[in-house]
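Reading through the structure tokens given below for one structure.
Throughout, read-outs are computed from the coordinates displayed, never taken from laboratory work. Everything quoted here is computed from the prediction, not taken from an experiment. Cβ atoms come from the backbone with ideal geometry, glycine included; neighbour counts cover every protein chain shown.
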Amino acid sequence: MTGAMKGSEAAENTDLDRRPAYDISRFLFSRTLAFTYCAAFLSLGAQADGLFGCQGVFPLSPDQTLWKLAAPLGVPPVSILQILALAGAAIAGAGLVAVGPCEKHATATFAVLWFLFVACTHLAPSLYPALEDRVLLDVGLVGVFIVSGPGTVHEIGRSLSVWCLFRAIFVAGAQKVAGPCEAWRSHQALHDAYQLEPFPLPGCWILWLAPGFLVQALTCFQLYVEFAISLLLLVP
């Protein structure tokens with residue numbers, strides 16, 4: 001009986017050892033996310049006064065939440081944003097260089113970073129959150145699960161990351177077709193990619209010179225990938 005129990009425990013341990021740990025990918029993901037957080041917080045802290053200060057581009061008004069929070073404290077409203085950004089940059093920097101406590105409590109570290117970033121984007125005026133900020137909010141929430149290490153929580157994070165990728169691809173296609181631009185609905189968008197894309201690549205020149213039927217075929221293929229192939233991400 002004792003031998004059978006030992007054999008069963010050994011089999012369970014073997015199964016656990018065979019479970020993929022994703023150590024390398026988790027390490028790269030956590031460092032990349034920490035660097036992104038650090039850059040975002042430093043950028044906000046450096047630009048907060050110029051954007052939202054009294055002489056800024058988007059000065060705060062007394063009816064905004066940030067102003068109401070700063071009034072009882074007797075500090076400029078922008079100072080609260082700068083303090084939050086400084087705290088976030090410090091924690092993200094510690095996570096980036098793998099400081100002991102941040103590495104040991106990675107889930108709590110990235111949860112605090114996500115909370116601080118949510119606070120900054122909600123306290124700032126309507127200029128935030130921009131597209132990049134929303135992407136970081138989504139990826140940051142996924143990161144709270146991903147960095148937890150092997151286990152059920154990590155698997156939840158992997159599933160959420162797949163959903164975020166699917167949503168980014170599918171929504172991009174939906175916005176193209178449902179938007180005001182007729183180029184995608186007429187399947188001529190890639191012909192004018194140098195005008196539609198924010199960062200046109202040299203290949204856009206080739207597409208501009210390509211015959212019409214080829215441009216239509218490539219545009220249809222891109223929409224097919226965004227609407228049909230992206231669904232495969234949701235298949236187990």
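Quick check: pseudo-label points 7 Å beyond the Cα along Cα→Cβ at residue 188 and residue 201, how many nm apart are they?
2.5 nm
If contacts are Cα pairs under 8 angstrom and at least 6 residues apart, what is the relative contact order of the stretch 102-190 in percent?
Numbers: 50 pairs, mean separation 19.1, N = 89.
For the stretch 102-190, the relative contact order is 21 percent.
Can you give me the relative contact order of the stretch 88-236 as a percent, contacts being Cα pairs under 8 Å and 6 or more apart?
The value is 17 percent.
Starting from the Cα of residue 134, step 7 Å along the direction of its Cβ; do the same at residue 177; then give the gap between the two resulting points in nm.
Result for the modelled spin labels: 1.9 nm.
For the chain, set up a GNM with springs between Cα atoms under 10 Å and report which of 41, 117, 58 has the largest fluctuation.
Checking each option, the largest mean-square fluctuation is seen for 58.
Whole-Hz Karplus ³J(HN,Hα) for the stretch 73-89, in order, using 6.51 cos²θ - 1.76 cosθ + 1.60 and θ = phi - 60°, x for Gly and Pro?
Using θ = phi - 60°, the values come out as 7, x, 10, x, x, 5, 4, 5, 4, 5, 5, 4, 5, 5, 4, x, 5 Hz.
Taking the Cβ of residue 222 as the centre, find all other residues whose Cβ is under 15 Å away and add up their charges (Lys, Arg: +1; Asp, Glu: -1).
-1
Would you mind computing, in nm to one decimal, how far apart the modelled labels at residue 220 and residue 168 are, each placed 7 Å from Cα along Cα→Cβ?
Calculated label separation equals 2.9 nm.
Can you tell which of 88, 50, 143 shows the greatest fluctuation in a Gaussian network model of the chain with Cα springs below 10 Å?
Greatest mean-square fluctuation among the candidates belongs to 50.
So what's the back-of-envelope 222 nm ellipticity for the chain, counting only DSSP H runs of four-plus at -39500 (n - 2.57) apiece and dividing by all residues, rounded to 500?
The helix contribution divided over the chain gives -23500 deg cm²/dmol.
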